[in-house]
Amino acid sequence: MNVCVAGVGYVGLITGVCLAYLDNNVYCVDIDPEKIQNLKNGIPPIYEPGLKELLEICTKKGTIKFSTDIEEGVINSDVIFIAVGTPSLPSGEPNLEYVRSVSFNIGKYIDCNKSRIVINKSTVPIGSGNWVEMLINEGVKSNKNICNNTTNKHPKFWVVSNPEFLREGCAIHDTLYPDRIVIGSDNDEALAILTKLYNPILQQNFIRPVKEKINPPNITAVPLVTTDITSAEMIKYASNAFLATKISFINEIANICEKVGADVQQVAQGIGLDSRIGNKFLNAGIGWGGSCFPKDLSAIISIAKEYDYDTELLKATINVNMQQRHNIIKKLQQALKIIKGRTIGILGLSFKPNTDDLRDAPSIYIITQLLKMGACIKAYDPIAMTKCQKTYSELNVTYENNILDLAKDCDAIIIVTEWDEFIYMDLNKIKEIMSIPIIIDSRNILDTKAAEKAGIILHQVGKSSQVKSLLNSKVG
Ligand code: NAD
């Protein structure tokens, strides 16, 4: 099938590359010329495991093309994905500027030679399906490609909602082996074409790219959920709102655990084995960040407000999350007493491991607060440092090349992102070179006993094991 993907960021590029891998002819369009030039040279603008290798395969096969020219993409395609960003405005509502512009341009360049499906993959407010259709029709008014001598003077297109659920850090895996595909459409023809496009994924009958560091799971088919457009739009918001609430829930339990002397990891294991609850998204820590949860929660709250509904639970979810970031600073304050003039090492900058995405990353909040408090900040991240230096050049941070360079002479370290290499770091060496061996493990990734043995003063979330073992030794 001929596919155009407008917007080659985290979602658009992964969608484009995976569909090209499945032998569709994919035309990726973006307004950022630097991004497009790099992609033409085989350099992905984002870090995502397996992406570079898959891109190379598709480029060799000739199934993927990159351009800044949306006209060519629209003309040559049967299916057009809108995958542009929808970041939050200060009001909490999503900024729909990019969706508006790309929808208008689709209308401006679409022709009457065939029917097309326009797919909203961007996370957009409820009712956007109709709005995008209206914008395309507005674009049609200034369209020069519409051939006057055809009987069918108005281009034929259907707008469909196809929300995206990929997780950054395993985005290719999630695209090729998703838990489900959701298509919201009121049109059977559009639904049939999209089912055909996704058929290899639905049937899992494509050759799996195992060599590209993407481990295929043992699934034989993927469920297809077909709904009306509004329900599909709502499914996306409801999924993210639920997952964010689950994390805030366990963080609230963690805070109570600290008070009463329980261990949140043991509690999470105990509740997670209940099949009604499930064990995912029960890791207590610094809370959620990233490009989706914060903006999607703000968006659903503001959508509900338009309908005069007050979302008390979702507001509490956000408040607990913000409080959790602040709790990490409080832990540091309690451990060090004075922050001013202290050297603090930040381990991890990206909002989660295996990505370089820094959007609403807890690290940026922590660094900003500590700088305000007069601390001197060193940071290390395996992938996201260059992006951080570029995006947050105003932050006075010394970037280090590895964990040991970071640890040297630090008065405390905060583990902010749970990268694998932090889980297995040499705590004995780190203890030797730090000024004061305090580690605030905001992701609960360190082995408590190993840290104690190495002489590290460890503070975790929802755990009071050091205090407990002290109490036990006194009682014993
Ligand atoms: P992104 O910011 O990484 O990428 C958006 C891209 O769109 C950018 O490269 C930008 O240059 C391009 N763009 C902007 N206007 C354009 C135009 N008129 N024509 C062509 N290109 C244009 O965004 P993202 O993280 O990929 O998110 C895209 C959408 O998908 C958002 O609505 C987001 O909520 C949703 N989503 C994201 C994720 C995720 O993990 N990132 C997951 C699920 C859904």
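Annotations for the structure displayed:
- Test: ALA6 is within 11 Å of the ligand (Cβ to nearest atom) and in contact with a strand residue (DSSP E or B) (Cβ under 9 Å, 6 or more places away or on another chain): yes
- Filter result (away from the ligand (no atom under 16 Å from the Cβ), assigned to a helix (DSSP H, G or I) and open to solvent by 20 Å² or more (accessible area, probe 1.4 Å)) within the stretch 51-84: LYS52, GLU53, GLU56, ILE57, THR59, LYS60, LYS61
- Scope the stretch 172-200; condition under 29 Å from PRO49 (Cβ atoms) and of a type in the set (S, T, N, Q); matching residues: THR175, THR195, ASN199
- For the condition within 13 Å of the ligand (Cβ to nearest atom), assigned to a strand (DSSP E or B) and aliphatic (A, V, I, L, M), VAL17 does not qualify.
- The residue of the stretch 302-314 that is farthest from LYS246 (Cα to Cα), among those that are out of contact with any Phe, Trp or Tyr (no Cβ under 8 Å at 6 or more places or on another chain) and surrounded by 12 or more Cβ atoms within 10 Å (Cβ to Cβ), is LYS305.
- In the stretch 28-50, of all residues being aliphatic (A, V, I, L, M) and not in a strand (DSSP E or B), the one that is farthest from the ligand (Cβ to nearest atom) corresponds to ILE43.
- Condition met for ALA192 (more than 16 Å from the ligand (Cβ to nearest atom) and either open to solvent by less than 20 Å² (accessible area, probe 1.4 Å) or not β-branched (Val, Ile, Thr) (or both)): yes
- Yes/no for ALA190 being hydrophobic (A, V, I, L, M, F, W, C) and outside the structural domain of ASN24 (by TED's automatic domain parsing): no
- Which numbered condition ALA335 misses (of (1) aliphatic (A, V, I, L, M); (2) touching a His at 6+ places or on another chain (Cβ under 7 Å); (3) not assigned by TED's automatic domain parsing to the domain that holds ALA412): (3)
- All told, ASN283 falls short of being more than 16 Å from the ligand (Cβ to nearest atom), within 20 Å of ILE329 (Cα to Cα), assigned to a helix (DSSP H, G or I) and of a type in the set (S, T, N, Q).
- If you go through the stretch 2-17 and keep only what is crowded, with 24+ Cβ neighbours inside 10 Å and more than 15 Å from the chain's Cα centre (by Cα), you end up with VAL3, CYS4, VAL5, ALA6, GLY7, GLY16, VAL17.
- Which numbered condition CYS112 fails, given (1) under 32 Å from the mean Cα position of the chain (by Cα); (2) among the hydrophobic types (A, V, I, L, M, F, W, C); (3) in a loop (DSSP other than H, G, I, E, B): (1)
- Residue that is nearest to the chain's Cα centre (by Cα), among those in the stretch 242-252 that are within 16 Å of the ligand (Cβ to nearest atom) and open to solvent by 10 Å² or more (accessible area, probe 1.4 Å): LEU243
- The single condition among (1) within 13 Å of the ligand (Cβ to nearest atom); (2) of a type in the set (S, T, N, Q); (3) in contact with a Ser or Thr (Cβ under 8 Å, 6 or more places away or on another chain); (4) more than 17 Å from LYS121 (Cβ to Cβ) that ASN25 does not meet is (1).
The values are calculated or read from the model by the stated rules, or taken from the named source; none is laboratory data. Quick caveat, the model's predicted, so the values are computed rather than measured. Note: ideal-geometry Cβ built from the backbone for every residue, glycine included; neighbour counts use all protein chains shown. What goes into the accessible areas is simple: the full protein's heavy atoms, side chains included, and nothing from ligands, DNA or RNA. Shrake-Rupley method; radii C 1.70, N 1.55, O 1.52, S 1.80 Å.
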